[in-house]
């Protein structure tokens, strides 16, 4: 019977990580639904970008208050995960504070003391975030588009992180108190918990302290497993996907929109006086013809755009700087990514249920993202500049506009007029090309 | 114009090639307000003796508004035609006063076979100044309050924030920055083909929001570096009935005026 703890632990561990792996595979499968895109060039620049933006948080600190608080939570989260190694070893082998046997007394004290400070910083971070989000009225965090699940999700994340850190400190305090009484061997240093919770815990009985230490340890462990599996349902996925998203980010100049190669071929053929319009296409040429121009549904978006949709943490920095949104138009870049993810999730569930995607009569366009939103975009790139993890909602807007214009001819009337003018008069206005140099003689 | 504007065809007929091709753009060619920018820029180039050619009737829209509206066909039709013309004249260097032309020529033409060195007029003038060819003196603008509105397609799209500011500083004016400037600059509302359509429903128009911000500093001049920004800001200033007190001017117009050209 003495091994029962270890067995339960192992089962939970395997189940927790197993479920998590399953979720990740599902996300991977869903992203694969998008079109392939080659973003494997400039590898060193990509690693550098990821290190700077995702690991180094370089864009987060552009808004100092949120940036620094986020840094607390981020650094705390990463380092406290080292604690997870200790928990796993202790849990499987029934050891107590396993890392102390490797680190040596002085370094283990330093290690535990660091974790304590970080845990406190995380607590401060999440408490301030909670207040900011719920009571302080930061506009981008209280917008209507976040009502419902996105708002609850955000609060759940903060509450879970808070609870995990409190459990961590409780565990340490109980341990510390028992060490003081000589009931546990002296390992580590606990500056925060001994001073904050220590005075209260000193009054507890030995038995209750042992119970508290164990209970908090288990809570912390189960909490981590739960949180890990909660990620799949949450916008908090960014803690993992921010890394690939920054790695696969668009490194070109922001003003450079992609040129469709299939169109180039057509136009070159059109302009070539020697081309025979009735000639049979060359062998294999047919496969070059795209089935569709632009994007109507998630299948037409590329895999990086779909990865972006999963990576978005809905912070709304993009929306808060969007000129269309600022002036009360329906467009919100954040919502473009959120809706793309919603649709992608819906398609994923459809595939889970039917084995393959069965037409559900819905599309990303119209059912999720409306024309009005798409046409409000000025392509100014404020959103892509603001995103702390280099997501690109503008590219989705652009691809969907392409679909509207090239597949459906559904541009606003004035734009149709402009395009006709460009086509016929080589200028967006109805002027004669022969008058182009008139200004020189005015 | 009191001097002759030469076309690339004329240069070619003489068997010569100018130092640079000035890509005028549709706004610069046809829009009455933007034509003044075109002329001011030509006056500066003429004064310091830069040999430049224009395409004139051979120039077409770069395709930018069609592209950003989503019409790849029309865009590439324009682009491939323009590239053919530019390559026929063996053009190496292009300068343009329109950030939209600048961005398209610079970033979207290369993969279609158009490889040119493309610079914005502020970049070009900055280089001329550094080479000692262009001398700028404050003149009429000494000590006056000027605020600069960053064009998205020069700034965020191509990371050029310094060239226009360096030129403005040379005017000895008091350059005040709006809160939303450089990487955080707010769009004038015309980009992405918005210039050619009514805005979607909202609380206000983007150019009003932007002009409001610029006017809050009570500047004498709102400086622009894009013909579309110029139009949008001019409309904004009119909206607030400030067109008597506040001028909206392109940087080259300011330089030309300071020099009494």
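What follows is calculated from the coordinates using simple rules that are stated; it is not laboratory data. Predicted model, so just to flag it, every value in this text is computed and none were measured. Heads up, the Cβs are rebuilt from the backbone with ideal geometry, glycines too, and the neighbour counts pull from every protein chain shown.
Eigenvalues of the alpha-carbon gyration tensor of the range A:387-442, scaled by 5 and square-rooted, set the equivalent ellipsoid semi-axes at 33, 18, 7 angstrom, largest first. Inter-chain neighbour count for A:247-255: the average number of beta-carbon atoms from partner chains within 10 Å of each residue's beta-carbon is 4. Placing a label point 7 Å from the Cα of residue B:135 along the Cα-to-Cβ line, the residues of the range B:169-205 whose backbone N sits under 16 Å from it are B:170-172. Structural descriptor for the range A:150-290: relative contact order 26 percent, calculated from alpha carbon pairs under 8 angstrom and at least 6 residues apart.
Cα centroid separation, the range A:123-155 to the range B:88-167: 43 Å.
Hydrodynamic analysis of the range A:188-278 uses the Kirkwood radius over alpha carbon pairs. Inserted into Stokes-Einstein at 37 °C and 0.692 mPa s, it gives a translational diffusion coefficient of 162 µm²/s.
Would you work out if chain B is rounded, prolate or oblate? Take a ≥ b ≥ c from the square roots of the eigenvalues of the alpha-carbon gyration tensor; rounded if a/c is under 1.5, else prolate when a/b is larger than b/c, oblate otherwise.
Numbers: a/c = 1.94, a/b = 1.22, b/c = 1.58.
It comes out oblate by the Cα gyration axes.
Considering only A:423, A:399, A:385, the Gaussian network model of chain A with Cα springs below 10 Å gives its largest mean-square fluctuation to A:423. Put simply, when A:82-94, A:161-173, B:159-171 are sorted by average Cβ atoms within 10 angstrom per residue, most first, you get A:161-173, B:159-171, A:82-94.
Measuring nothing but how far apart in sequence close Cα pairs (under 8 Å, 6+ apart) lie, relative to its length, chain B scores a relative contact order of 20 percent. Inter-label distance, residue A:270 to residue B:169: 4.7 nm, where each label sits 7 Å from its Cα along the C-beta direction.
Compute the relative contact order of chain A as a whole-number percentage, counting only Cα pairs closer than 8 Å that sit 6 or more residues apart in sequence. Each step should come with its number before you reach the end.
Numbers: 466 pairs, mean separation 82.8, N = 442.
Here the relative contact order equals 19 percent.
From the square roots a ≥ b ≥ c of the eigenvalues of the alpha-carbon gyration tensor of the range B:94-153, which class results: rounded (a/c under 1.5), prolate (a/b over b/c), or oblate? Note, shape of the range B:94-153 comes out oblate. What average count of beta carbons from other chains do you get within 10 Å of the Cβ of residues in B:78-88? Partner-chain Cβ atoms within 10 Å, mean over residues of B:78-88: 2.
Hey, with R₀ at 41 Å, roughly what FRET efficiency would residue A:134 and residue B:48 work out to, going by the Cβ-Cβ distance, to 0.05? Once rounded, the FRET efficiency stands at 0.10. Protection proxy ranking of B:179-188, A:214-223, by the mean of other Cβ atoms within 10 Å over each peptide's residues and highest first, is B:179-188, A:214-223. May I ask for the distance between the Cα centers of the range A:12-37 and the range A:189-224, given as a whole number of Å? Centre-to-centre (Cα) distance: 36 Å. The mean count of C-beta atoms from other chains within 10 Å of the C-beta of residues in B:57-66, rounded to a whole number, is 6. If you run the Gaussian network model on chain B, springs between alpha carbon atoms under 10 Å, then out of B:143, B:25, B:225 the most flexible one is B:143.
Extension gain for residue A:211 to residue A:278 (0.36 nm times residue separation, less C-alpha to C-alpha distance): 15.6 nm. Comparing Cα centroids, the range A:345-392 and the range A:402-424 end up 22 angstrom apart.
Starting from the Cα gyration tensor of the range B:123-192, take the square roots of the eigenvalues, sort them a ≥ b ≥ c, and report rounded, prolate or oblate (rounded when a/c is under 1.5, otherwise prolate if a/b is larger than b/c, else oblate). Numbers along the way, then the final one.
Working: a/c = 2.70, a/b = 1.42, b/c = 1.91.
It is oblate, given that a/c is not under 1.5 and a/b is not larger than b/c.
Need one number: convex hull volume per residue for chain A, Cα atoms only, in Å³.
Numbers: hull volume 97.8 nm³, N = 442.
Per residue, the Cα convex hull of chain A comes to 221 Å³.
Cβ-Cβ distance of residue A:10 and residue B:162, R₀ of 41 Å, FRET efficiency by 1/(1 + (r/R0)^6): the value works out to about 0.10.
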